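Trainee: Sharing a structure below in structure tokens format, with a few things to ask.
The values are calculated or read from the model by the stated rules, or taken from the named source; none is laboratory data. Just so you know, these numbers come straight off a predicted model, no measurement behind them. So basically every Cβ, Gly included, is an ideal-geometry build from the backbone, and we count neighbours across all protein chains shown. We work out accessible area using only protein heavy atoms, side chains counted, and drop any ligands, DNA or RNA first. Shrake-Rupley method; radii C 1.70, N 1.55, O 1.52, S 1.80 Å.
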Amino acid sequence: MYPKEIEKLLLKVQKPGRYVGGELGEVIKDKRDVDVRFAFCFPDTYEIGMSHLGIKILYSLFNEKPYIWCERVFAPWIDMEAQMREHDIPLYALESGDPISDFDFIGFTLQYELSYTNVVNMLDLGGIPLLSKDRHGLEHIVVAGGPCACDPEPIADFIDIFFLGDGEEVDLEVIELYRECKREGRSRAEFLRLAANIKGVYVPSLYDISYNEDGTINAITPLDGAPEVIEKRVMMDMDESFYPDNFVVPNIEIVHDRAVEEIFRGCIRGCRFCQAGFLYRPVREKSVECISRQCHALCRNTGYDEVSLSSLSSSDYSQVVPLLKELNSWAKPENVSLSLPSLRVDGFTDDILDEIKTVRKSGLTFAPEAGSQRLRDAINKNVREDELINTCRVAFEGGYTTVKLYFMIGLPTETMDDVADIANLGRKVVDTFYSAENRPKGKSPRVTVSASSFVPKPFTPFQWEPQDSMDTLREKQRHIKESITTKKITFNYHDSDTSFLEAVFARGDRRLGKAVLEAHKRGMRFDGWSDCFSLQNWLEVFEDCGIDPTFYANRRRSFDEILPWDHLDYGIKKSFLKRECERAYNSETSPNCREKCLGCGAAKYGGGVCFEKR
Amino acid sequence: MKNVRVFFEKHGSCKYISHLDTNRVMLRAIGKSRLNIWYTEGFNRHAYITFALPLSLGFASTCESMDFRILDDDEDLSSVPERLNACLPEGIRVYRCIESVHKPADIESAEYDITLEDTSDNISAKELSDKLNAFLELPEILVDKKTKKGMKQVDLKQYILDFRMKDPEKTSFTLTLPAGATLNINPNLLINAFAEYVSAELYADITRTGVYIKGGEDFA
Ligand code: SF4
């Protein structure tokens with residue numbers, strides 16, 4: 001229950017429903033009955049955080065344990081933050097309304113780099129000392145997981161423990177250890193040292209980083225017996241892995257307001273720009289039977305009439321047609337619709353089209369990522385133009401009129417001709433509509449071309465690459481705009497300013513912590529929101545902290561440089577990434593995991609796609 | 001097929017669910033409860049529900065109603081509240097289900113329990129109550145009201161159908177105002193005018209406690 005004092009503030013802010021909890025499915029316990037209170041913080045608004053699958057899984061998993069009470073915390077929007085600061089209301093958890101300073105664990109999920117200032121701001125709003133070194137006693141353990149934990153160095157000063165990889169087991173092991181330490185009256189330092197020996201746990205304060213004169217890293221040295229290398233955790237048996245049979249169902253509209261079923265983790269593709277495609281290796285699938293059972297339970301328990309099948313590339317699910325048939329056997333009679341995001345062009349067969357067409361007809365979305373075949377080969381995005389055009393033709397003949405195409409600019413090896421081909425591909429899709437025999441009569445096609453700016457990420461073959469300068473990116477955007485000659489194409493592009501900041505933090509090191517803290521002091525947060533983000537302010541922060549952001553974003557690293565995340569092991573060998581990078585330079589594609597194993601290193605986990613019969 | 005009306009309370013965190021969101025919450029609850037109700041025809045089929053008198057965001061209520069059609073004539077209506085409550089958030093509680101008697105268009109007025117407070121604590125509750133009494137004694141209370149034809153100045157005084165101070169120590173009172181499709185007066189209109197009159201920022205805790213048809217009979 002929200003604190004009574006906020007009632008007077010709620011009608012002064014937008015969407016007060018964000019701040020009150022009380023949804024169906026929320027878990028209420030008596031705090032006197034539990035040993036560990038866990039504040040699960042999502043460093044963005046309620047609508048975004050509540051749409052996120054990871055928080056739903058861990059929320060249910062933790063609350064299954066009678067001795068843990070896990071509650072939800074979201075970043076208050078700026079209007080609410082102002083009210084809370086004015087009236088001295090600390091950041092509170094939605095279930096109990098208690099301030100987060102009452103909690104043992106304050107856990108963040110790090111989905112995007114631009115939420116770092118929100119992490120710090122939330123600690124501040126909760127009255128928690130911001131820096132790890134200023135927190136004493138066995139309480140307020142600040143932990144974080146999620147994809148950004150693969151290079152967490154820019155916020156290492158603020159976080160006590162990072163979880164690498166899948167959280168389902170390691171989180172509970174750490175909570176269990178904490179419970180023991182509390183019982184035995186151990187110190188915070190002792191607890192952290194013990195935690196560091198659990199696989200998948202990274203305690204940044206136990207590592208010393210030294211630098212060379214040129215600013216690159218000289219050495220990463222573990223202290224106090226902490227392991228040299230921290231290995232990520234993986235759930236290998238997805239059917240046996242915990243999955244919630246109920247969600248907290250929001251009372252207000254959120255971004256993705258539907259049941260979500262994860263059908264597999266990982267991706268077989270190995271697109272060279274895509275971090276998720278490497279971080280979550282190897283591919284591990286759930287069985288058709290398991291997916292159907294879990295989806296059905298979720299719909300029954302939540303009342304949702306829409307299920308989204310979640311994965312990095314839905315059509316790569318090895319049993320996709322049997323799965324859709326099985327799901328439709330109960331979904332149709334119960335008026336439940338299925339949605340299948342992240343479909344790939346080459347997997348989009350008539351069969352699949354038939355199965356999903358019966359349910360919902362929305363626009364088609366494709367992500368060719370690059371305009372020319374040459375560049376698509378270089379980034380290993382194995383989408384062929386004829387396949388894409390063919391799929392569009394099938395779809396147009398099936399009654400579709402809108403197609404969205406997603407591209408990236410600033411990819412390694414990209415030329416201006418590659419950039420112009422983005423517009424050309426859009427035009428070819430328009431032409432396909434007019435040449436389709438059974439196209440919807442009297443309608444015209446709407447093709448949206450979106451271009452985002454490429455951000456090089458750790459654990460990808462492009463981790464050594466410079467990001468294009470902002471000027472170059474703007475020039476490329478202009479070039480696409482000028483190359484589009486038809487009104488049937490709408491061109492959207494993302495602001496290159498935020499991509500620049502993202503690139504700084506994605507491959508940042510510990511020295512950036514100073515800038516994050518300074519930015520927080522200057523009131524910066526919600527950097528992912530154009531209403532709040534200001535590159536100018538960030539450039540001033542970097543300048544005042546003596547940091548050159550281009551060192552992180554726009555510098556080419558040599559293959560033998562020590563990278564800030566070299567002590568973190570996601571199962572991917574550096575030699576493999578290097579090989580893939582060199583193939584990119586030669587515009588050579590690589591086969592996917594089902595066609596041929598490339599020996600990336602993830603087979604050491606002993607399961608998944610690596611051991612499928614080929 | 002039966003035309004059915006359920007009555008429910010809305011309070012606590014559910015005060016902050018807008019009318020549109022309430023609609024969504026109810027649709028989901030009906031789906032989950034598996035009540036056999038009438039769906040609209042056509043491609044985008046959905047359960048058909050309507051609300052007689054939408055409630056403003058931030059108001060609690062003891063007397064909301066929602067209408068739908070039950071397909072099975074033999075359905076036991078007395079079990080409906082329990083079935084729906086199992087599928088609704090705590091802050092929405094259904095307490096009665098009947099075959100509807102009146103038409104939503106019959107609604108003429110609504111009653112509210114209101115407690116006022118000066119957010120900056122400059123005016124005591126007692127003082128505020130005195131000022132409210134004086135304010136309501138004014139010959140006219142002119143406010144700007146949004147209508148379909150744009151802003152219009154209206155005299156609220158004529159619309160106050162009933163006013164009773166319940167507890168002057170807390171500035172708690174009961175107010176009855178016109179409500180319904182033809183003329184609807186939101187109590188916030190009066191409260192805002194009063195806030196201006198006392199030059200203070202007021203916090204109003206508002207609960208709708210009755211919905212009436214002609215002659216003050218309960219809407220049923
Ligand atoms: S080891 Fe081979 S099959 Fe397994 S994830 Fe790596 S490349 Fe794919």
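Trainee: Using the heavy atoms of the protein chains alone and a 1.4 angstrom probe, what is the accessible area of chain B per residue in square angstrom? Don't skip to the end; give the middle numbers.
Mentor: Details: 10850 Å² over 220 residues.
Normalised by residue count, the accessible surface of chain B is 49 Å².
Trainee: Rounded to the nearest 20 Debye, what is the dipole magnitude of the range B:2-100 about its Cα centre when Lys and Arg each give +1 and Asp and Glu each give -1 at the C-beta?
Mentor: Numbers: 13 positive and 13 negative charges, 77 e Å.
I would put it at about 380 debye.
Trainee: Ignoring everything but the protein chains, give the 1.4 Å probe accessible area of A:ASP305 in square angstrom, nearest 10.
Mentor: Approximately 90 Å² for this residue.
Trainee: Separate question: For the range B:204-220, what does the Karplus curve 6.51 cos²θ - 1.76 cosθ + 1.60, with θ = phi - 60°, yield as ³J(HN,Hα) per residue in whole Hz, taken in order and with x for Gly and Pro?
Mentor: 10, 9, 10, 10, 7, 10, x, 10, 10, 9, 3, x, x, 7, 4, 5, 9
Trainee: Okay, moving on. If you filter the range A:167-240 for trypsin sites (Lys or Arg not before Pro), then keep DSSP loop positions with at most 11 other Cβ within 10 Å, what is left?
Mentor: Details: sites: A:ARG179, A:LYS182, A:ARG183, A:ARG186, A:ARG188, A:ARG193, A:LYS199, A:LYS232, A:ARG233; in loops: A:ARG186, A:LYS199, A:LYS232.
Listed in order of number, the matching sites amount to none.
Trainee: While we're looking at this one, here's another question. Can you bin the range A:511-614 into rounded, prolate or oblate? Criterion: square roots of the alpha carbon gyration tensor eigenvalues sorted a ≥ b ≥ c, rounded for a/c under 1.5, prolate for a/b above b/c, oblate for the rest. Could you put the intermediate results ahead of the total?
Mentor: Values: a/c = 2.64, a/b = 2.28, b/c = 1.16.
Note, shape of the range A:511-614 comes out prolate.
Trainee: Now, a different point. Skipping prolines and chain starts, which residues have an amide H placed within reach, meaning under 5 Å, of the one on A:GLU262, given they are 5 or more residues away or on another chain?
Mentor: A:SER310
Trainee: Would you work out if the protein assembly as shown is rounded, prolate or oblate? Take a ≥ b ≥ c from the square roots of the eigenvalues of the alpha-carbon gyration tensor; rounded if a/c is under 1.5, else prolate when a/b is larger than b/c, oblate otherwise. Mind showing how you got there, number by number?
Mentor: Numbers: a/c = 1.79, a/b = 1.41, b/c = 1.26.
Prolate, because a/c is 1.5 or more and a/b exceeds b/c.
Trainee: Something else about it: Report, to the nearest whole %, how much of the accessible area of the range A:96-249 belongs to carbon and sulfur atoms, 1.4 Å probe, protein only. The partial results should precede the final answer.
Mentor: On the way: 2380 of 5280 Å².
Reported share for carbon and sulfur atoms: 45 percent.
Trainee: What are the radius of gyration and Dmax of the range B:2-100, computed over its Cα atoms and given in Å?
Mentor: 12.8, 38
Trainee: What residues from the range A:15-32 fall in the zone where the backbone N is under 11 Å from a label point 7 Å along the Cα-to-C-beta line of A:ASN246?
Mentor: A:24-28
Trainee: Counting other C-beta atoms within 10 Å, and keeping those with at most 12, which DSSP coil trypsin sites (Lys or Arg not before Pro) do you find in the range B:98-181? Can you show the working numbers first?
Mentor: Working: sites: B:LYS126, B:LYS131, B:LYS145, B:LYS146, B:LYS148, B:LYS149, B:LYS152, B:LYS157, B:ARG164, B:LYS166, B:LYS170; in loops: B:LYS148, B:LYS149, B:LYS170.
Passing sites in the range B:98-181 are B:LYS148, B:LYS149.
Trainee: Can you flag which of A:LYS4/A:LYS514; B:LYS131/B:LYS166; A:LYS29/B:LYS32 are past 26 Å Cα-Cα? Provide the component values of the computation, followed by the final result.
Mentor: On the way: A:LYS4/A:LYS514 37 Å; B:LYS131/B:LYS166 15 Å; A:LYS29/B:LYS32 24 Å.
Beyond 26 Å between Cα atoms: A:LYS4/A:LYS514.
Trainee: Right, here's the next one. Which Cα, out of B:TYR112, B:LEU77, B:ALA200, lies furthest along the positive dipole direction of chain B (beta carbon charges, K/R +1, D/E -1)?
Mentor: Farthest towards the positive end: B:LEU77.
Trainee: Okay, next question. Which whole-Hz ³J(HN,Hα) couplings does the range A:219-228 yield from phi under the Karplus relation 6.51 cos²θ - 1.76 cosθ + 1.60, θ = phi - 60°, glycine and proline marked x?
Mentor: The phi angles translate into 7, 10, 10, x, 10, 6, x, 5, x, 4 Hz.
Trainee: Check cross-link reach from A:LYS578 to the lysines: straight Cα distance under 16 Å, and skip same-chain residues fewer than eight apart.
Mentor: Correct list for A:LYS578: A:LYS457.
Trainee: What full-extension length gain, to one decimal in nm, is calculated for A:ILE28 and A:ASN586 as 0.36 nm per residue of separation minus the Cα-Cα distance? Intermediate values should be presented prior to the final figure.
Mentor: On the way: separation 558, 0.36 × 558 = 200.88 nm, distance 5.74 nm.
Once the chain is fully extended between A:ILE28 and A:ASN586, it gains 195.1 nm.
Trainee: Which value in nm describes the separation of the simple spin-label points at B:ILE98 and A:LYS574, placed 7 Å from the Cα toward the beta carbon?
Mentor: 7.8
Trainee: Evaluate the charge dipole of the range A:532-614 about its Cα centre and quote only its size in Debye, nearest 20, assuming +1 on the Cβ of each Lys and Arg and -1 on the Cβ of each Asp and Glu.
Mentor: Values: 13 positive and 13 negative charges, 165 e Å.
With Lys and Arg at +1 and Asp and Glu at -1, about 800 debye.
Trainee: Then there's this: Size of the dipole of the range A:219-263 about the Cα centre, Lys and Arg at +1 and Asp and Glu at -1 on the beta carbon, nothing else charged, in debye to 20? Kindly include the intermediate steps, with their values, before the conclusion.
Mentor: Values: 3 positive and 11 negative charges, 40 e Å.
Once rounded to the nearest 20, the dipole reads 200 debye.
Trainee: Tell me which GluC sites (Glu not before Pro) from the range B:67-162 have a DSSP coil assignment and no more than 14 other beta carbons within 10 Å of their own.
Mentor: Qualifying residues, ordered by number: B:GLU140.
Trainee: How much of the calculated P(r) for the range B:106-216 lies past 16 Å, in percent of all Cα pairs? Intermediate values should be presented prior to the final figure.
Mentor: On the way: 3575 of 6105 pairs.
Summing the P(r) tail past 16 Å for the range B:106-216 gives 59 percent.
Trainee: Which FRET efficiency value, to the nearest 0.05, do you get for B:PHE163 and A:ARG555 by plugging their Cβ-Cβ distance into 1/(1 + (r/R0)^6) with R0 = 51 Å? Intermediate values should be presented prior to the final figure.
Mentor: On the way: r = 73 Å, r/R0 = 1.43.
Taking R0 as 51 Å, the efficiency between B:PHE163 and A:ARG555 is 0.10.
Trainee: I've got another one for you. So for the pair A:LYS325, B:LYS148, with labels modelled 7 Å out along Cα→Cβ, what separation do we get in nm?
Mentor: For A:LYS325 paired with B:LYS148, the spin-label model returns 5.5 nm.
Trainee: In what sequence, highest mean first, do A:89-96, B:50-57 appear when ranked by Cβ atoms within 10 angstrom?
Mentor: Details: A:89-96: 22.4, B:50-57: 16.4.
Per-residue Cβ counts within 10 Å, averaged per peptide and sorted highest first, yield A:89-96, B:50-57.
Trainee: What's the buried accessible area, both sides, between B and A using a 1.4 Å probe, rounded to 100 Å²?
Mentor: Details: alone 11960 and 24190 Å², together 33970 Å².
Buried area between the two chains comes out at roughly 2200 Å².
Trainee: With contacts defined as alpha carbon pairs under 8 Å and 6 or more residues apart, what's the relative contact order of chain A in percent? Working shown, then result.
Mentor: On the way: 1161 pairs, mean separation 85.0, N = 614.
Here the relative contact order equals 14 percent.
Trainee: For the range B:131-150 and the range B:14-29, what is the separation of their Cα centres, given in Å?
Mentor: Cα centres, the range B:131-150 to the range B:14-29: 31 Å.
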